[in-house]
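Before any comments, here is the structure.
The values are calculated or read from the model by the stated rules, or taken from the named source; none is laboratory data. Here the structure is a predicted model, which means the values were calculated and not measured. Please note: Cβ atoms are built from the backbone with ideal geometry, for glycine as well, and neighbour counts cover all protein chains shown. Accessible surface areas use protein heavy atoms only, side chains included; no ligands, DNA or RNA. Shrake-Rupley method; radii C 1.70, N 1.55, O 1.52, S 1.80 Å.
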Amino acid sequence: MKHGKFLKNVAVISAGGLAAKALGALYRIPLVGLLGGYGIGLYQMAYPLFCVVLTFSSAGIPSAFSRIIAKETAEGRQSGETVKTALKMFALLGLCGTLLMCLFAPYMSGWQGEENLLPCYLALAPSVFFVSLIAVFRGYFQGKNDMLPTACSEVVEQIFKAGAGLFFAIRFSAEPARAVMYTLLAVTVSEAAAAIYLYARYRGEPRRKSLCAFRPSGGEILHSAFPVMVSAALLPLSQTVDSVLIVRLLSGYSTRAVSLYGLFTGGAVALVNLPASLCYGLAAASVPAVSACFARGEEEEGRTRAMYALVLTLALALPCALGLFFFARPITAILYSSLNAEDAALLVRLIRLSSVSAVTLAGVDTLAACLTGMDRAKYAAFSMLLAVLVKFALQWLLVSNPALSVGGAAIASNACYLVAFSLDLFYTVRRTKKSKRAKHDHDRRFGNGKRRFNAARRRGDPEGGQSIAPHGEASVR
């Protein structure tokens, strides 16, 4: 893939993501007014369980599956059977997630002390099933280096969510609890619409028969996807633990523990995550670009593409980090004008402390995607696991110190992303004996076939008589 094609893919998927986020932001403004304080509180309380279930049922599937598809495409194999197998397996996983959410809904609503959350959970639960299907289709198209369906599906998702959500919120504005239930049902409607759109795009693709087609087992796909899913799940799960650990540590010496935690996560962390969202397209486009090179045995080219993606990521993220550091005060004044002077000053400090993570977090996302393309996702999972453990240890030491307070959480997060970034970079550039042996096997497998093909062309046979298929199988033209 030339750099121009890579940049086009990045631009397409980034544009779709930005358009979807813009629609989502515009949707939330009238939604808050329509649902009111109690309604929006219910709306937000329903999401933690939903996010945890999604983490287990769909996190990392697009990246993992795009690597599989990119590898098959590079080897000249058709992916129809692979998609069917993946759809069956991840549909079952998504269905299990839906059932688990329904099962835990009564307990969660009881623990949260809000009985009106039960129908909200039940309305949101089916979307877990549809998200699993969406993840497979997005992985397929991304593996084919076609980012447009992913971008369009994100926009379709937001259009249906905003349209149906506002309709229900207006229709039941006099009944806040019922309005929230139906606006969460709109999330399920939007995921179903996105799944139908992607399925239609998939069915509309031209197909050609290939003698190289094969039927992979669900175990093979899951074995390949599992490290990616673990790597993608570790960070959101650790953030769930943060919500308990940080608040409890702060509660030891402050009566404003929840407020301090809210300033950190809702203010500083939300801003630091924006550059990573901006660089999402680079991570998504890196998987098929790198995977195709490694499938052909062109590992040096694959590493070159990974470094190119990283350089672009840093070129985007570094100015954002500098902007957050130097303009933290005006940013806080504009976005959080309702804060009192003390909280505003604390938020400025937290933003400046956390600004370095705007670079390292974006880098971690891109490098983890590149490691997935190299079939080294287990290293990204190990890096994130170690980084999360470092974060928890530092939180315990620093946040419990009243002099640092919630600023200790910002320092711990910086350390977490720095450790993950350093290890991912090391594993990305490292050459292994296994890699060298794989290149030798690839050259030996394809070298004789290429020589026979070229010899036939020199004898005057323009088609070379036979083509050598992947894995040394001869297929008649």
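Per residue, the solvent-accessible area of the chain (1.4 Å probe, heavy atoms of protein chains only, all protein chains present) comes to 47 Å².
If I compute solvent accessible area with a 1.4 Å probe over the protein chains, what percent of it on the chain is carbon and sulfur? Carbon-and-sulfur percentage of accessible area, whole number: 66.
Suppose every Lys and Arg Cβ carries +1 and every Asp and Glu Cβ carries -1, with no other charges. What dipole size does the chain come out with about its Cα centre, to the nearest 20 debye? If you can, show how the numbers build up before the last one.
Details: 48 positive and 27 negative charges, 442 e Å.
That gives a dipole near 2120 debye.
On a 0 to 90 degree scale, rounded to 10, what angle separates helix 61-74 from the longest Cα axis of the chain? Around 10 degrees separate the two axes. Projecting the Cα positions of 118, 150, 326 onto the charge dipole of the chain (unit charges on Cβ atoms of Lys, Arg, Asp and Glu, taken about the Cα centre) puts 150 furthest along the positive direction. Across the chain, Cα pairs under 8 Å and at least six residues apart give a relative contact order of 18 percent. Distance between the pseudo-spin-label points of residue 254 and residue 226 (7 Å out from Cα toward the beta carbon): 4.1 nm. Helices in the chain, meaning DSSP H runs of at least 4 residues, each add -39500 (n - 2.57). Divided by all residues, the mean residue ellipticity at 222 nm is -27500 deg cm²/dmol. Given +1 at the Cβ of Lys and Arg, -1 at the Cβ of Asp and Glu and no other charges, the dipole of segment 128-176 around its Cα centre is 60 debye to the nearest 20. Positive contributions from Lys and Arg (+1) and negative ones from Asp and Glu (-1), summed over other residues with Cβ under 11 Å from the Cβ of residue 193, come out at -1.
Expressed in nm to one decimal, what extension gain is obtained for the pair residue 315 and residue 22 from 0.36 nm per residue of sequence separation less their Cα-Cα distance?
Working: separation 293, 0.36 × 293 = 105.48 nm, distance 2.30 nm.
Gain on extension, residue 315 to residue 22, equals 103.2 nm.
With a simple spin-label model that places each label point 7 Å from the Cα along the Cα-to-Cβ direction, the separation between residue 75 and residue 175 comes to 5.6 nm.
For segment 178-321, the Cα-based Rg and Dmax, in that order, read 21.7, 69 Å. Sequence-ordered 3J(HN,Hα) estimates for segment 311-318 from the Karplus curve with 6.51, -1.76 and 1.60 and θ = phi - 60° stand at 4, 4, 4, 5, 5, 7, 7, 4 Hz, glycine and proline given as x. Derived scalar couplings between HN and Hα for segment 407-414 equal x, x, 5, 5, 5, 4, 5, 4 Hz in order, rounded to whole Hz, by the Karplus curve 6.51 cos²θ - 1.76 cosθ + 1.60 (θ = phi - 60°), x for Gly and Pro. Please give the helix 377-398 orientation as an angle from the longest Cα principal axis of the chain, in degrees from 0 to 90, rounded to the nearest 10. Here the helix axis deviates by roughly 20 degrees. Once both labels are positioned 7 Å from their Cα atoms along Cα-to-Cβ, the gap between residue 431 and residue 103 label points is 5.0 nm. So how tilted is helix 433-458 from the main axis of the chain? Cα-based, degrees 0 to 90, rounded to 10. So the helix axis and the longest Cα principal axis differ by about 40 degrees. Taking every protein chain into account, the 1.4 Å probe leaves residue 88 with about 150 Å² of accessible area, to the nearest ten.
Heavy-atom accessible area for residue 253, with the other protein chains in place and a 1.4 Å probe, reaches approximately 80 Å². Each residue was assigned an accessible area with a 1.4 Å probe, and for residue 303 the value is about 20 Å².
Could you rank 243, 79 by how accessible they are, 1.4 Å probe, largest area first? It would help to have the intermediate numbers written out before the result.
Details: 243 45, 79 5 Å².
Final ranking, largest accessible area leading: 243, 79.
Between their Cα atoms, which of 5/71; 21/161; 88/378; 5/378; 8/161 are more than 21 Å away from each other? Spell out each step's value before the answer.
Numbers: 5/71 18 Å; 21/161 12 Å; 88/378 24 Å; 5/378 28 Å; 8/161 28 Å.
Exceeds cut-off: 88/378; 5/378; 8/161.
Projecting the Cα atoms of 426, 396, 384 onto the dipole axis of segment 333-437, where Lys and Arg carry +1 and Asp and Glu carry -1 at the beta carbon, places 426 farthest toward the positive end.
In sequence order, segment 44-49 has phi-based couplings of 6, 5, 7, 7, x, 5 Hz under the Karplus curve 6.51 cos²θ - 1.76 cosθ + 1.60, θ = phi - 60°, and Gly or Pro positions carry x.
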